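Have a look at the structure below, then the notes.
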Amino acid sequence: MAGKKRLRMRGVKQAPKRLEEEILDRSRRIANNPGLLRPLCAGNCRKCVFDKEFKNIDTVARYKDDAETLLKLASKGSDDLAKAYAGTISLSAAGKIPLLATATIAGEKVAFAVRGSVGNDKLIGCQYYDDPKLRLLYYNSFIKRNKLHLYSFEDGLVCSDHPNMPEDYLYEAFWETPYEFKDDGLVCGHSGALALDIKIKSLDEHIRICEDCAKDVSTIQYLIIRLCAVDPLDDIEVNVVHTYHSANESDNEKIEGDLFKRYLRGEISDRTLLQTVKRDKLGTLRKGEIATFIIGAKNYGSDVDAFIDAVIGPDSEKSTLRSFLTATPVSVIIKSGKTSEILTHLWEDHWKSIISVHTSPKIAETYTERPKNAPSAVLEEAYNVHISADVVANLPEFKKPKPVTRLSDTLAKAAKVGGKDLVLKAVESETLKDHKTRSLAAAFLLACDSAVKLPFNLSAEERSFTDFLIPFVKNVIDASGDKYRDAMNTLLTASSSGESV
């Protein structure tokens, strides 16, 4: 137990019949067999310190049928264990319990009989000797005075002169928690970026609970609530194992100080403890001067290339992220390993720099505020503008183009910049009013990809005209410089538009 139980008296009252019978029955059993109170030994003591105590208790047991003598023995001397025993078995000798007191222990009311001049904690522990938790009140002071370790579980007590937790005690204590792991084990069995690890040093056993399994309980409280020692934690170490660390740091965070005290008192739970450590470590990484890259439970340290090689997404985005992260020491902690997730992670603070790397500083400067669209869509748009600028720089500019000329010029430049996909976007933004413009738009799409699915239906006549225009469209797409002007004029003539440039 972590410390002496506080007892608050709640007054004296007549004993209910059933409760009286239970206390009398326990009193009778230890009167006939005081050995029921003696812990089993699992230590290396040269001489058992309980020998003297139980010699005194055996002496008291000789008067098990003499209530008056037992009450006297319960009121004199300095041996509290013998006095509490005398007071307890005096009940069976008297055959009744005239009065009961009530104490509140760990929030629960416990009824007991006051007898002799011994502490209430000793009386309660003795009168409830078969209760794994309450019985420790009987031994608490004695165990601490002699610097022993006492382990209490359903079937009895084990005492040791050093930390020596029985395996049965560990499992029985853990099974009282709300956790239910495979094969009734101590480990949830899940791998992840964050886990609570409670080590029992004397057993070299670990309780391991991942972030997803962690509940709003303090597991360590279950481990020590039936343990009595000067320092019940001298055999227990609490760590949080995590991936949220830089390349030169440990993945094991020992829980100490105020955080440990709060966890021990139950002020914070397993889940809160993990969240607290995670929040603290993430804050440290983000403020650090050394970049750290993490995907899920995998920590890549500061290796940009290994991190990007593990990322899933378009090669263009991976290339941009590789260049940006090489030049900018910023940590990235993500779950899925997709370029879209990384971009979202970085976007708020670094959007303009990322656009600049993806296109050019000149293109990035055209954005006066952070775009509202998704990062991937913004980069695609910026790249198209970037490439379009290069393409348009090598093509003649048509002044005041007429409708068919404008449509043809727009679709031709879209095809040069982004192929079928960009042409499709351009077509979808146009209003195609007649069969000529519909056939012309279809011709540009099919010239880029003969298997493309058209966004509109063509009549037989429109389809025939489309097939006629495709060779002229291809010439425009392939042309540059003054040849682009000549190819455009030929297409305009073929389309019967009556326009020219």
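Rule-based calculations on the coordinates, nothing more; no lab input. What you see is a predicted model, and the numbers here were worked out from it, not measured in a lab. All Cβ positions, glycine included, derive from the backbone under ideal geometry; neighbour counts span all protein chains shown.
Brief remarks follow.
- Rounded, prolate or oblate (a/c below 1.5 giving rounded, otherwise prolate when a/b exceeds b/c) for the stretch 228-277 by Cα gyration tensor: oblate
- DSSP beta bridges in the chain [antiparallel fraction, %, rounded to 5]: 85 percent
- Normalised convex hull volume, the stretch 369-501, alpha-carbon set, Å³ per residue: 121 Å³
- Per-residue Cβ neighbour rank within 10 angstrom, fewest leading, CYS45, CYS126: CYS45, CYS126
- Relative to the longest principal axis of the Cα atoms of the chain, the long axis of helix 80-94 lies at roughly 70 degrees.
- Here the scattering of the chain is modelled by Debye summation over its C-alpha atoms, one equal scatterer each and no solvent; at q = 0.06, 0.12, 0.13 Å⁻¹ the log10 of I(q)/I(0) is -0.55, -1.06, -1.14.
- Cβ-Cβ distance of LYS433 and VAL392, R₀ of 25 Å, FRET efficiency by 1/(1 + (r/R0)^6): the value works out to about 0.45.
- Degrees, to the nearest 10: 481-494 long Cα axis against longest axis of the chain: 80 degrees
- Coupling constants for the stretch 374-386 follow from the phi torsions by the Karplus curve (6.51 cos²θ - 1.76 cosθ + 1.60, θ = phi - 60°), and in residue order they are 4, x, 4, 5, 5, 5, 5, 4, 5, 5, 4, 4, 4 Hz; glycine and proline get x.
- From helices alone, the chain scores -15500 deg cm²/dmol at 222 nm; the rule is -39500 (n - 2.57) for each run of n ≥ 4 DSSP H residues, then divide by the residue total.
- Once backbone amide H atoms are built at 1.01 Å from N, GLU253 has VAL240, VAL241, HIS242 as its partners under 5 Å, excluding neighbours fewer than 5 places away on the same chain.
- C-alpha long axis of helix 460-478 to longest principal axis of the chain, angle in °: 90 degrees
- Taking chymotrypsin sites (Phe, Trp or Tyr not before Pro) across the stretch 73-145, none is in a DSSP loop with at most 10 further Cβ atoms lying within 10 angstrom of its Cβ.
- The trypsin sites (Lys or Arg not before Pro) found in the stretch 370-444 that occupy coil by DSSP, while having at most 12 further C-beta atoms within 10 Å, are LYS372, LYS399, LYS433.
- Taking one quarter of the surface of the C-alpha convex hull of the stretch 309-352 gives a mean projected area of 3.0 nm².
- Relative to its Kirkwood radius, the Cα radius of gyration of the stretch 8-161 gives an Rg/Rh of 0.95.
- With Cα atoms as the point set, the stretch 178-266 shows a radius of gyration and Dmax of 13.5, 41 Å.
- ³J(HN,Hα) computed for each position of the stretch 192-199 - Karplus, 6.51 cos²θ - 1.76 cosθ + 1.60, integer Hz, glycine/proline x: x, 7, 8, 8, 8, 10, 10, 9
- When CYS48, CYS228 are arranged by Cβ crowding within 10 Å, least crowded first, meaning fewest neighbours, the order is CYS48, CYS228.
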